[in-house]
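Scroll down for the structure; my scribbles are underneath it.
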Amino acid sequence: MENSNILNISGSILDRVLSSQASKDREGFDPITIVKEIIDKNLLDKEADVVYLRHGLRGGESKTLKDVGLVYNITRERVRQIEKAALNKLRAVASNNAGINQAKILIHQALEDNGGAMTENSLLREVLAFTKKDDGEFTALKFILKSILNDKFPYVAESVSYCAYWKTPLFSPALITKAADLAKEILSPIGKPLSRTELWSEILKHENYQIEWSQYNSKSFFSVLAISKKVRANIFDEWGLSIWKTIMPKRMNDKIYLILKRCGKPLHFMTIADEINKAGFDKKKAYHATIHNELILNKGRYILVGRGVYALSEWGYRPGVVADVVKEVLSGNPQGLTKDQVIAEVLKKRQVRTGTIYLALMNKNIFEKKGGKYYLKQQETVVN
């Protein structure tokens, strides 16, 4: 037992040392400088210029073969030949370049830590975790991956079933399908999204975990699962079937619901539109007027609680003028409420000025005050 403890302690120390070294390596990683150095040192001026332009390495959009051809007054085919020869030169010297070797190590480590496969965005973000993560760094790292190290890390293009992803040579794409099938089997009978923690807890209890996934932790499993298009995460990082509206909303109405649900508080319709655009559900832009119309048309789901401010009806907010809300509050409290208590209860349901609530209470046809408390006035029964 004592020797086992010593081994565990030693392993723990080694893990921390390796983790610390990996962090330092990533902190000093500069893909822009690495790309510039390997290009400038190994290519002729014209070759370098073509590569810079074709891959957008000087900022801006990458140029087409035609665009580059117009710059040099040469054919598109000649541009393609120059680019191909230039990239072959870079690949030939890559193994002797310290910066490229650093990139290879960091990319391999990221993939290994994430189950052997990652979506492109996830991989780029993880490798660039300690950098500025600006567009130039993303472009430079993508160039290293796709044009220099493409024989080291296979790239799988997007398909109907999968997002585009990078993988280690030994990773089997069949694992993506198995991960999605397992998640789907768990989620389908539940019928609602689960948080990452909740879904992982269910996976640990599943019989297939010990058979196929015991070597995977939560991070690596979800990295593989994220490649599938059958099971996706929504903006709350809740996982569910991609056909569910709560995961991949198509209608603007469902997007509004998810934004309000995520924020957990009433929002102005203009803010809702802006948040939808930030969330990036799809390429459809949300316009202020469109969102306002949706909110107005779906009165059962959304409640106007202030000037242009809407809440979910499921939060307990109620439609109607302030007097209607006060009536509902007092009808549920026949023992009466003080002015402050009425105001507090109404504000849970509507965003209005306290003065507006007090003015509503002064309506003696609906409310009456006795002993410092307000009551819903009893209507006289008319006897024929």
Residue match in segment 208-219 (condition: in contact with a helix residue (DSSP H, G or I) (Cβ under 7 Å, 6 or more places away or on another chain) and over 26 Å from Glu120 (Cβ atoms)): yes
Residues satisfying the stated conditions in segment 65-76, i.e. at pLDDT below 95 and hydroxyl-bearing (Ser, Thr, Tyr): Tyr72
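If we keep just the residues of segment 280-298 that are touching a helix residue (DSSP H, G or I) at 6+ places or on another chain (Cβ under 7 Å) and over 28 Å from Val352 (Cα atoms), which is modelled with the lowest pLDDT?
Applying the first criterion (touching a helix residue (DSSP H, G or I) at 6+ places or on another chain (Cβ under 7 Å)) to segment 280-298 yields 281, 285-288, 290-292, 294-295, 298.
In the following step, the residues that additionally are over 28 Å from Val352 (Cα atoms) were identified as 281, 285.
Values: Phe281: 84, Lys285: 92.
In this case the residue turns out to be Phe281.
Where residues in segment 55-82 are of a type in the set (Gly, Ala, Ser) and over 17 Å from Ile39 (Cα atoms), which of them is surrounded by the most Cβ atoms within 10 Å (Cβ to Cβ)? Give the steps one after another, and end with the answer.
Applying the first criterion (of a type in the set (Gly, Ala, Ser)) to segment 55-82 yields 56, 59-60, 62, 69.
Next cut, over 17 Å from Ile39 (Cα atoms) only: 60, 69.
On the way: Gly60: 10, Gly69: 18.
Going through the qualifying residues, I end up with Gly69.
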Filter result for Leu90 (surrounded by 20 or more Cβ atoms within 10 Å (Cβ to Cβ), in contact (Cβ under 8 Å) with a residue 12 or more places away in the chain, closer than 30 Å to Ala233 by Cβ and not charged (D, E, K, R)): no
Residue, farthest from Asn150 (Cα to Cα), within segment 93-116, restricted to residues that are of a type in the set (A, V, I, L, M) and surrounded by fewer than 16 Cβ atoms within 10 Å (Cβ to Cβ): Ala98
Hey, Ser228 crowded, with 18+ Cβ neighbours inside 10 Å and more than 27 Å from Ile259 (Cα to Cα) or not: no
Pairs, first under 20 Å from Trp244 (Cβ atoms) in segment 192-212, second surrounded by 12 or more Cβ atoms within 10 Å (Cβ to Cβ) and hydroxyl-bearing (Ser, Thr, Tyr), C-beta under 6 Å, six or more apart: Pro193/Thr246; Trp200/Ser218; Ile203/Tyr209
Residue that is surrounded by the most Cβ atoms within 10 Å (Cβ to Cβ) [pool: residues in segment 166-198 that are charged (D, E, K, R) and outside any helix (DSSP H, G or I)]: Lys167
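Sort through Leu141, Leu128, Leu170, Leu145 and tell me the only one that's under 18 Å from the mean Cα position of the chain (by Cα) and of a type in the set (A, V, I, L, M, F, W, C).
Details: Leu141 fails: under 18 Å from the mean Cα position of the chain (by Cα); Leu170 fails: under 18 Å from the mean Cα position of the chain (by Cα); Leu145 fails: under 18 Å from the mean Cα position of the chain (by Cα).
Only one candidate qualifies: Leu128.
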Residues of segment 249-265 that turn out to be modelled with pLDDT of 90 or more and more than 17 Å from the chain's Cα centre (by Cα), as a count: 3
Unique match (being at pLDDT below 95 and of a type in the set (Val, Ile, Thr)) among Val17, Val35, Val51: Val17
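The values are calculated or read from the model by the stated rules, or taken from the named source; none is laboratory data. The structure displayed is predicted, hence computed values, not measured ones. Positions of Cβ are generated from backbone atoms using ideal geometry, with glycine treated the same way; all protein chains shown enter the neighbour counts.
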